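Here is the structure we will look at.
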Amino acid sequence: MTTLVRGGTVVNHDYSRRADVLVIERTIVAIGPNLDPPAGADVIDAGGCYILPGGIDPHTHLELMFMGTVSADDFASGTTAALSGGTTMVVDFCIPSPGQSMLAAYQDWRRKAETAACDYSFHMAVTAWNRQIFDEMEVCVKTYGINTFKHFMAYKGALMVNDDELYHSFSRCAALGAMPLVHAENGEVVYRLQEHYLGAGITGPEGHAYSRPPEVEAEATHRAIMIASIAGCPLYVVHTSSREAHEAIARARAAGKRVFGEPLIQHLVLDEEEYRNPDWDHAARRVMSPPFRAKAHQESLWAGLQSGSLQVVATDHCAFTTAQKRIGRDDFTKIPNGTGGLEDRMTVLWTAGVNTGRLTKEEFVAATSANIARILNVYPRKGAVGVGCDADLVIWDPEATKTISAKNQLSRIDYNVFEGFACRGLPRVTITGGKVAWHEGDLRAEEGHGEYVAREPFPAVHVANTAWQTLRAPRRIDRADVSP
Ligand code: URP
Ligand code: ZN
Ligand code: ZN
């Protein structure tokens, strides 16, 4: 299939220029002014529009068994929703069930992802520490192309790992050329606060926010950064939601540490007032971890994106229906944690970021695709409009408008946390792997069109993270780094 995108302005993270884009099959083959369409090519008009690299959402949980239920969007509905909003790649978390091997979990996720309409990749979760995990991490890196390992510092009694486990796993990442990711909240303290508020008779969704104050996030973020420094690996902090956590990341970066921070689009525009809503359903639908914060935190997150101390905007799309949320009707600790956002991330960020002057259109590209492609080692195949890059493109109409409503969404849940948000700036056309998946409101996504994206390990210089460690003896990480 040959497609010529004509009459638009190509926007990359580092430059913009007026150019046409020629695509053959899954690849961009030419970029330049006034390209002639080859015989038989489809011609797509991009007049008045920007041609952006397709969005990459590095944080999704599609069809995830979590807190006693399964997230409502699977790879079919989740990636279709993503494409309608201009996202052309998702990175989902492979989370082994208790005692399950990583290799079996990987195979489960590959099966689940067979219906994906856009390209996808995986992070692997480390939820314990033992010899098998040590060995299987190597298979993940060398055979499966997974160069990122996720660690939950919260969810005590379920996914949480302790400092010993973090240290061993981070050290293993360093040896394998991989990067750890952390959900940074102090799960022990959260657990005690949950007990405290339940004991005080607070059972509603506001108890969720009370029990997860910014301090638990800040402490865990700082601790993870220090453990990564000791282990000699970079670190990626998912869903950075508070000023204090952002400051810990900014401090680390100022000290030369390779630490990355990922605010979510939800935390950038929604705040803790949502939990004060007297409608239980309204508040419970917004229960996620970390919770929405006081407005002041949003300014810090925006400043981080503007200054570069935070790099990526994701969604943590983990959508539960209202009926699923009601599992926690009498106990906020049982409300399944998670919200949606896959189809809204790009337009909400453009509206709240670019239209307000906080971000340039190039910085928008950096935050939605280019930076994460570089962080995950898939740039410039992904995250760029360039010759030889994958043909994942968004023809972005900066003047198109819509008001977000669950009534029109593709996600399977029955509400939208951005309900009523007035957007200006939307995808006119989304192209994924050379195929038009969204065309002026016409959904043409094809289940199964997406391909798995394997990612190479990082070069030693990236992983070593040692620029600041001038007085440290070199340390070889080997099989001795396994807990007895
Ligand atoms: O509340 C959230 N964030 N749910 C999804 C799982 C996680 O912690 O990322
Ligand atoms: Zn998390
Ligand atoms: Zn998550």
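Descriptive notes on the structure:
- Applying the Kirkwood pairwise sum to the alpha-carbon positions of region 235-336 produces a hydrodynamic radius of 14.5 angstrom.
- Using a probe of 1.4 angstrom and keeping all protein chains present, the accessible surface of region 385-434 works out to 37 square angstrom per residue.
- Rounded percent of accessible protein surface that carbon and sulfur make up, region 272-418, 1.4 Å probe: 48
- Simple label model, 7 Å out from Cα along Cβ direction - residue 164 to residue 143, nm: 2.9
- Sequence ranges 244-257, 444-457, ranked by mean other-Cβ count within 10 angstrom, highest first: 244-257, 444-457
- Under the simplified labelling scheme, the residue 306-residue 422 pair shows an inter-label distance of 2.3 nm, with each label point 7 Å from Cα along Cα→Cβ.
- Rg ratio (alpha-carbon, reference 2.2 N^0.38 Å) - the chain: 0.94
- Global geometry of region 179-249, whether rounded, prolate or oblate, following the gyration tensor of its Cα atoms and the 1.5 cut on a/c: prolate
- Average accessible surface for region 171-287: 32 Å² per residue, computed with a 1.4 Å probe over protein heavy atoms with every protein chain in place.
- Summing Lys and Arg as +1 and Asp and Glu as -1 over all other residues whose Cβ lies under 14 Å from the Cβ of residue 399 gives a net charge of +2.
- Between residue 66 and 71, the built amide H atoms are under 5 Å apart, and every one of these is 5 or more places off in sequence or on another chain.
- Residues in region 120-134 carry Karplus couplings, in order, of 8, 9, 10, 9, 10, 8, 9, 10, 6, 9, 6, 4, 4, 5, 3 Hz; the curve used is 6.51 cos²θ - 1.76 cosθ + 1.60 with θ = phi - 60°, and Gly or Pro positions show x.
- Amide proton proximity set for residue 87, modelled H, under 5 Å, gap of 5+: 55
- In terms of the mean number of neighbouring beta-carbon atoms within 10 Å, the peptides 153-159, 234-240, 319-325 order highest first as 234-240, 319-325, 153-159.
- Under-5 Å amide H pairs with residue 44, H placed in peptide plane, nonlocal only: 4, 5, 6
- Taking a point 7 Å out from the Cα of residue 202 in the direction of its Cβ, the residues of region 150-190 whose backbone N falls within less than 16 Å of it are 189-190.
- Karplus (6.51, -1.76, 1.60) ³J(HN,Hα), θ = phi - 60°, over region 92-99, in Hz, Gly and Pro reported as x: 9, 9, 7, 10, x, 6, x, x
- The chain: relative contact order in percent, alpha carbon pairs under 8 Å with at least 6 residues between: 23
The values are calculated or read from the model by the stated rules, or taken from the named source; none is laboratory data. If you're wondering where the values come from, they're calculated on a predicted model, not measured in any experiment. Positions of Cβ are generated from backbone atoms using ideal geometry, with glycine treated the same way; all protein chains shown enter the neighbour counts. Ligands, DNA and RNA are excluded from the accessible area calculation, which covers all protein heavy atoms including side chains. Shrake-Rupley method; radii C 1.70, N 1.55, O 1.52, S 1.80 Å.
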